[in-house]
Amino acid sequence: MKKSFDCLIVGIGGQGTILASNVLGDACVIEGRHVRGAETHGMSQRGGSVETHIRIDGKFGSLIPAGTSDLLIAFDVLEALRYRHFVKPAGTIVVNREMVVPTSVFSAGLPVPKIEDAEAELKAGGQKVIIFDATKTAAEAGSPLAANIVLLGAASHVLPIAAKSLEESVRRNVPPKTVDINVKAFALGKEAGA
């Protein structure tokens, strides 16, 4: 019997998946919610996957079983494809319309799909899919490096955490000199995900 809200955050090393999971986890702490998390790092410096599991109000471990995640936040279209099997049929997938190539999966000479084909594949799964250029939106906020916070903003409509708690957590977890950019990035992401 599942009682948690499960969120899987995935990306390529260096994209900010760990910071995004820290922001989400801290927002749970702000609200006094029980949260469990786990991180898995691939060969991140060589284009490998990084995944973080966040279970809100859960009591049964920190890893999300395949097919049960309520939300997948993917910083890359290929990573969304790689991890979509974790999302339950009624779940939501929030994706940055970006494709980092080559990742470790394609370094062996496998054909890289066109971004349009990857998007179509994601949308064919039945889950709600929100896909947009989070990097461009982050640049509008002041830095393309804030794409992770943009994606959290877009996912805020699905998360069982108040947007004000998420924004406060952004303020508490990003480097002090980037607070204004990241708060704006969160607001723009929230607008994009509405």
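A P(r) calculated from all alpha carbon pairs of the chain, with 5 Å bins opening at zero, reads 1, 9, 18, 22, 22, 16, 8, 3, 1, 0 percent. Working from Cα pairs under 8 Å separated by at least six residues, relative contact order for region 5-193 is 21 percent.
Think of it as helices only: each DSSP H run of n ≥ 4 in the chain is worth -39500 (n - 2.57), and spread over all residues that comes to -11000 deg cm²/dmol at 222 nm. Candidates M99, T68, V179 compared by Cα position along the dipole of the chain: farthest toward the positive end lies T68, with charges placed on Cβ. Against the empirical 2.2 N^0.38 Å (N residues), region 92-194 has a Cα radius of gyration ratio of 1.18.
For region 78-92, putting each phi into the Karplus relation 6.51 cos²θ - 1.76 cosθ + 1.60 with θ = phi - 60° gives couplings of 5, 5, 4, 5, 5, 10, 5, 5, 6, 8, 5, x, 9, x, 10 Hz, in residue order, rounded to whole numbers and with x for Gly and Pro.
Charges were assigned to the Cβ only: +1 to each Lys and Arg, -1 to each Asp and Glu. The resulting dipole of the chain about its Cα centre is roughly 420 debye. Return a single number: how many Lys pairs in the chain, at a sequence separation of 8 or more or on separate chains, have alpha-carbon atoms below 20 angstrom apart. For the chain, the number of qualifying lysine pairs is 14. Bridge orientation summary for the chain: considering DSSP beta bridges with both residues in this region, about 50 percent are antiparallel.
We did not get these values from a lab; they are worked out from the coordinates using the rules stated. Everything numeric in this text was worked out from a predicted model, so none of it was measured. Every residue, glycine as well, gets a Cβ built from its backbone with ideal geometry; the counts of neighbours run over all protein chains shown.
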